[in-house]
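Below is one structure, written out as structure tokens; the observations come after it.
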Amino acid sequence: MRREWAGESERDRAVEAYVEARLRRESDGGRGPGLGRARAPGPQLDATLLLGPRGSGKTTLLRHLERWAERAPVARLDLADLGQKGGKPIDALTGLVFRLNARKADFPKLDFPSFGLLVMAVAAEVDGIDRDTAVRDMADALAGPESRRLEVLGRLADAVATAVGAPGLVGAALPLLPDWQRGWGRLRTRRRLRRIRRTAPQQSHDTFLLELNQRYGAGEDEERKRAEAVLFAAFLDDLRRAYRTRGGDRRRTSRCLVLLDNVDSTLGSDFLEHLLEVRREADDPDPLVVVAAAGSYPRVFEDHAWGGAPQPGAYPGRWDSGEEFRPAQVVRGLCVGQLRDLRRLEVERQAKEVLRAAGRDVRAPRVDSGVKWLGWAAYELTRGQPAATAAVLEALLGAGPTTDWDERLRRVLDPFGELVDGILDRLLPIDASRELVRALTRAAASVDLAHAGVAGQLWGEANAAVQKEFDDFCADVLCTMHIDTGDRAADGRTETLHPVLRLLLLRKLAALDPARGASGPDGWDATHAALRTQAQEAGKPGLAAYHALALGDLPAAAGYLNERFGLIAAEDWCAELCRLRRAPLRPLGPDAPHRPPWERYEAVVDFLNEGEIESRLRTVTRLLAASWISPEPRPAPATDRVGDPYRDPLGDLYAELYGEIAARFRTLAAHTESVSWDRTLLAKAAQYEGKPW
């Protein structure tokens, strides 16, 4: 069973602190007669939308917030799940009210007389005319004086108490009404309702919702929508009144927490629109703290300047240097904040738990600090993507006790294993077609999606529908899971896949059997060869060298890099080296034994032993080969921020080739007569003197 990591990261604690601050009701310092310290009503709080791609931990975080706030009135709804069962906004709202109505040991019970009586009238009245009349009367009562409200409540209570044919439905919703307060019905009516509650067959809330939904036929959409609008208003009116009573103001120290998952679903979008609209129309603030979550854009964004979706890389909201969660208002009544990926330190803490769970029978990693090493390795592979991080760390525990940790990491990301496809299924859009997945698998070979999109040889005879699906995917930051690394590529493009998504797709590409492809080039060699040809035809020798290296053509890539030596500034040359060393390293086949880094390195540079090769070219070749196999060092802003966040440390998990890389940089520095080149190359050598973790 996969472990839940919510609440274990600074990210989740920051969101928790944000919610806690909004739940707290502050005193205004004044004292009313018999009230103790009065509490200021405060302004209307915007609903908060947690926006993040699939696998970013939205549902897990909402579940954590529900458990964390269990002593206060809290309700969580999965609107996608309810919508799949045929639910409508009226059912979602009623389910929400039932949850907020639950008794709490440290909090006065919330009653919903207006909502409860109206929803029971809707459920009990079979005749559509009487039901719609009840809805219209309640709408007038909520907008009118208190005497009108009490009159309508009394009439609805009488109607519900005398309803025939639905005593079970009435009984299921009776807990929503006050236990003893006067005003909402005559004494005889209240006694009759209490008797129904005692004697009627007990029905669950789910049964009540099902019956309520069936009260409206297919041709009564307008009546349903009118009822939903009034029920939303009644719900908020009941909440405001509960907090205005003398006891309520003093004893209700917390607002109510409403957690709405999947508000980007059809039902979720409808429900969120209803809730925002009725809150905008209200004159008084309500005591709700609404936290919603979505993996795509709810319908309320359609009229926003985004035009339905943000620009690539432009998440709303921000995280300040103190790790404070700060959503940004996007539409009136709704602020949006991103659920960022985990930081390296947060992944390291999860790695510590994995090593602890493995027990003493498992041999520790072959480094001074196993926790730091495993945290670094997991972070380099996943870049902190929550679902991928949890899946990789969990899978590490599945190996036998004698398996070394570096071997565990290689096995869990075996291109021919099940985990790669499993994580991809979790991260890619749920409605992604097989053709789109095939297209993305090939496109992952490109440095960014923009280059892949214009590589005609990569697409073969792909139809227009696949092209459009691919273009739509690339334009949506929630699909590409693009992360802003703070740098830009040489041509300013930013349409990059999330590093873990690209890593997984590339491993899928390495395992792809070309014979299975229906059309177009498939497989590692064919894909990189097509991209290499496209780069050559476009006059981009650096990009062509990148794909040459991915194909294993080290002489061609090193030759290009050697030609550039001395022709450009030293920092620019090191940036070129950085772009090349991030070329994908092809995973070994399922039957190929693991080759230690030094052995693999010597194998790829073996051609240097044949014939006469110029000294600097020999050094550049060895430098490129070693840095290609080895993991990334700690970045230097001037030379390592080249718009390509891709990482793959599996070729040299213990950074055994770092000494060789540092030595080759020093050799190059010794043969240059430029002070700036000497200084830059020695600084690069220093990057490889320590370990990256």
Residue within the range 653-668 that is among the small types (Gly, Ala, Ser), within 22 Å of Asp406 (Cβ to Cβ) and open to solvent by 10 Å² or more (accessible area, probe 1.4 Å) present: yes
Val367 crowded, with 16+ Cβ neighbours inside 10 Å, assigned to a helix (DSSP H, G or I) and in contact (Cβ under 8 Å) with a residue 40 or more places away in the chain: no
Of the criteria (1) open to solvent by less than 40 Å² (accessible area, probe 1.4 Å); (2) at negative phi, which one Arg343 fails: (1)
Residues being open to solvent by 40 Å² or more (accessible area, probe 1.4 Å), within 30 Å of the chain's Cα centre (by Cα) and modelled with pLDDT of 90 or more - total across the range 500-537: 1
Residue selected from the range 538-550 under the condition more than 17 Å from Arg581 (Cβ to Cβ) and at pLDDT 90 or above, by the criterion most open to solvent (accessible area, probe 1.4 Å): Lys540
Selection count where residues are within 21 Å of Ala387 (Cβ to Cβ) and small (Gly, Ala, Ser), scope the range 424-442: 1
Meets criteria (open to solvent by 10 Å² or more (accessible area, probe 1.4 Å), touching a Phe, Trp or Tyr at 6+ places or on another chain (Cβ under 7 Å), modelled with pLDDT of 85 or more and small (Gly, Ala, Ser)) for Ala72: yes
So Ala569, is it open to solvent by less than 40 Å² (accessible area, probe 1.4 Å) and either closer than 23 Å to Thr639 by Cα or over 34 Å from the mean Cα position of the chain (by Cα) (or both): no
3 or more residues among the basic types (Lys, Arg): qualifying helices (runs of 4 or more DSSP H) within the range 44-108: 58-68
Condition met for Val412 (within 22 Å of Asp652 (Cα to Cα) and open to solvent by less than 30 Å² (accessible area, probe 1.4 Å)): yes
Of all residues in the range 475-499 being outside any loop (DSSP other than H, G, I, E, B) and at pLDDT below 85, the one that is most open to solvent (accessible area, probe 1.4 Å): Cys479
So Leu585, is it under 19 Å from Lys508 (Cα atoms) and in a loop (DSSP other than H, G, I, E, B): yes
Any hit, the range 301-316, residues being modelled with pLDDT of 65 or more and either of a type in the set (A, V, I, L, M) or surrounded by 20 or more Cβ atoms within 10 Å (Cβ to Cβ) (or both): yes
Every pair of residues 6+ apart whose Cβ atoms lie under 6 Å, when the first sits in the range 556-584 and is in the same structural domain as Thr672 (by the TED database) and more than 24 Å from Pro499 (Cα to Cα) while the second is in a helix (DSSP H, G or I) and β-branched (Val, Ile, Thr): Ala558/Val620; Ala558/Thr621; Leu561/Val620; Asn562/Val620; Ala570/Thr680; Glu571/Thr639; Glu571/Thr680
The range 588-642: number of residues that are closer than 25 Å to Ile568 by Cβ, part of a helix (DSSP H, G or I) and open to solvent by 60 Å² or more (accessible area, probe 1.4 Å): 5
The one condition in (1) part of a helix (DSSP H, G or I); (2) in contact with a Lys or Arg (Cβ under 7 Å, 6 or more places away or on another chain); (3) not acidic (Asp, Glu) that Lys372 fails to fulfil: (2)
Residues satisfying the stated conditions in the range 599-626, i.e. of a type in the set (Ser, Thr, Tyr), in contact with a helix residue (DSSP H, G or I) (Cβ under 8 Å, 6 or more places away or on another chain) and farther than 12 Å from Leu554 by Cα: Thr619
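The values are calculated or read from the model by the stated rules, or taken from the named source; none is laboratory data. The model shown is predicted, which means the values in this text are computed figures rather than measured ones. All Cβ positions, glycine included, derive from the backbone under ideal geometry; neighbour counts span all protein chains shown. Each accessible area value is taken on the protein alone, full model and side chains, heavy atoms only, with ligands, DNA and RNA left out. Shrake-Rupley method; radii C 1.70, N 1.55, O 1.52, S 1.80 Å.
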